[in-house]
Amino acid sequence: MKYWLGLAAVVWAAAFGMAQAADPAPAAQPPVPAVGHAPVDTVVRIELAESLSSSVNFKGNTFAIRLVEPIVGDGGVLVPAGTPGVGEVISSGHAEMGGKAGKLVLAVRYLDFNGRHIPLHGLKLAMGGNDNSSIRSTTTIMSGMAPAIAVVGAMTAGEDVSFALGTTAQAKLGEALTLPILAPSPGQKPASMAAPIHIAAQNEVPPPPAGKAEVVFFRTPGFLNSGRATPMEGDTPIATIGSKSYFVLTVDPGQHTFKASKKTDADTLTLELEPGDIYYVEQGFSAGAFTNQPMLYPSDETTFAMMKKSKLAEPGGKSKS
């Protein structure tokens, strides 16, 4: 009897062991990565991954950018430093004889991260070159002959502008991000957009109304700046601006193209305007064969603030250029 009980126990143990072998314990699952969030308009730092110049880069050209610092969300790093991206030239003009200076206005479009395009906006990289008006003024005054003005002006070239490889700037996220956390927060505070440095100016520019942007058109004094010109947006005159005068235009955010005068072939300047921001545009002149041609260049608050005894121009008007 004991023999049969022992044999049954052995058979049962063998069967139980086979059942366990046929039904192994489930394998441990990898932990689901935590996700973090970064809101729209989070400030990011980018750099140019190539050099740019108004002599070779034109409106519509794209260029390479890189993320300088990681994008950090509320739980850690969401996008690593070094992530590549794309920008676009939205306005360009190369320097020419006659003193016309080059200009270059850039915008960012997106970061390319794991096959996803993360939209960016709010870049502030724009520059106008030296139009050499002071050189023309000195030379033409010394000549003492009106016919020589056009000749000297035509022989004097303006300067192109360029941005070097590695030039850094700030931009903003164009949409909110929800992504897996790649690493713990590096400990740095999230980037914040640098507060604009306001220069005491004789002419105070009021802040834009809510949801709007402003463009300040102005003219500094100079030998070739004694005439008048009327910048336009489309077929609409903005203001007739004479020497040492300015005008503040309130506009909706977005891309706007302005013309230096009502002429069909007039010089143009395109800007991407952000709500709440103030942009400065200087109106200059380039010496032509018979007349001085009005030009528009991106400028800054410091240059505007240096203009003394200026006056506010009346809206609208007719070009006398």
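So is Lys59 among the basic types (Lys, Arg), modelled with pLDDT under 90 and not in a strand (DSSP E or B) or not?
Working: among the basic types (Lys, Arg): yes; modelled with pLDDT under 90: no; not in a strand (DSSP E or B): yes.
Here the answer is no, as Lys59 does not meet what is asked.
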inquiry  = Just the residues that are of a type outside the set (S, T, N, Q) and at pLDDT below 65, please, taken from the range 186-220.
reply    = Lys189, Pro190, Ala191, Met193, Ala194, Ala195, Pro196, Ile197, His198, Ile199, Ala200, Ala201
ask   = So which of Ala95, Ala81 ends up being without any contact (Cβ under 8 Å) to a residue 24 or more places away in the chain and not in a strand (DSSP E or B)?
value = Ala81
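With respect to Val32, determine if the residue is of a type in the set (A, V, I, L, M), surrounded by 10 or more Cβ atoms within 10 Å (Cβ to Cβ) and either at pLDDT below 95 or not in a helix (DSSP H, G or I) (or both). Break it down into steps so the answer makes sense when it comes.
Working: of a type in the set (A, V, I, L, M): yes; surrounded by 10 or more Cβ atoms within 10 Å (Cβ to Cβ): no; either at pLDDT below 95 or not in a helix (DSSP H, G or I) (or both): yes.
No; evaluated as a whole, the condition is false for this residue.
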task = Enumerate the strands (runs of 3 or more DSSP E) found wholly within the range 206-266, keeping only those where 1 or more residues are surrounded by 20 or more Cβ atoms within 10 Å (Cβ to Cβ) and touching a helix residue (DSSP H, G or I) at 6+ places or on another chain (Cβ under 9 Å).
result = 213-218, 245-251
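The values are calculated or read from the model by the stated rules, or taken from the named source; none is laboratory data. Keep in mind it's a predicted model, so treat the numbers as computed, not measured. Positions of Cβ are generated from backbone atoms using ideal geometry, with glycine treated the same way; all protein chains shown enter the neighbour counts.
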